[in-house]
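Written out below as structure tokens is the structure these notes cover.
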Amino acid sequence: MGCGKSTVGRLLGQQFALPFLDIDAAIEQSEGRSISQIFKDNGALHFRRLEQQMLDELPGGLQIVACGGGLPCFEDNLLRLKQKGLVVYLEAPPAVLYARIQKELHRPLLHDLQAFEQLFLAREACYRGADVILDANVQPAELLLQLQQLLVC
């Protein structure tokens, strides 16, 4: 949360004329309700299953996909992501990420900095399993440049 995957992913898709999919936004659209409401009505496990289903239904071909922060850490989803393409972890310190999203009250797992840091630490080992780790503690334009260089090589 807060690393810039949706913002930069959308820009990267435009730059390379590739489709962009934000899995969280796609779930909200298909369910007709917010992620917070899904968590409230059906629980975290139901939401994780929706993410997994969306992952399994990704079409083939080149595309940019932004997944929610919990998706790669659920069951074998990181492996599934890697089978579909290059997985990039946009890394930044928890305090920086929290500062970016603290006004976004619709995030179901966001309560305070301490809770956010605990969630981050619980997920960090999973994130480190990505194919590439990039510094997201930069402006979006710099992160976009890093991703462009990665894709051109």
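Any read-out appearing in this document is the output of simple, stated calculations on the displayed coordinates, not a laboratory observation. In this text the structure is predicted, and so the values were computed from the model without any measurement.
Miscellaneous remarks
- By the rule of a C-alpha distance below 14 Å, with chain neighbours fewer than 8 residues away ignored, the aspartates and glutamates paired with residue 84 are 56, 57, 76, 131.
- Listed by chain and number, the lysines whose C-alpha is less than 22 Å from the C-alpha of residue 103, apart from same-chain residues fewer than 8 away, are 5, 40.
- For the chain: Kirkwood Rh in Å [reciprocal of mean 1/r, alpha carbons]: 16.0 Å
- Each helix, a run of at least 4 DSSP H residues, gives -39500 (n - 2.57); summed and divided by the residues of the chain, these come to -16500 deg cm²/dmol at 222 nm.
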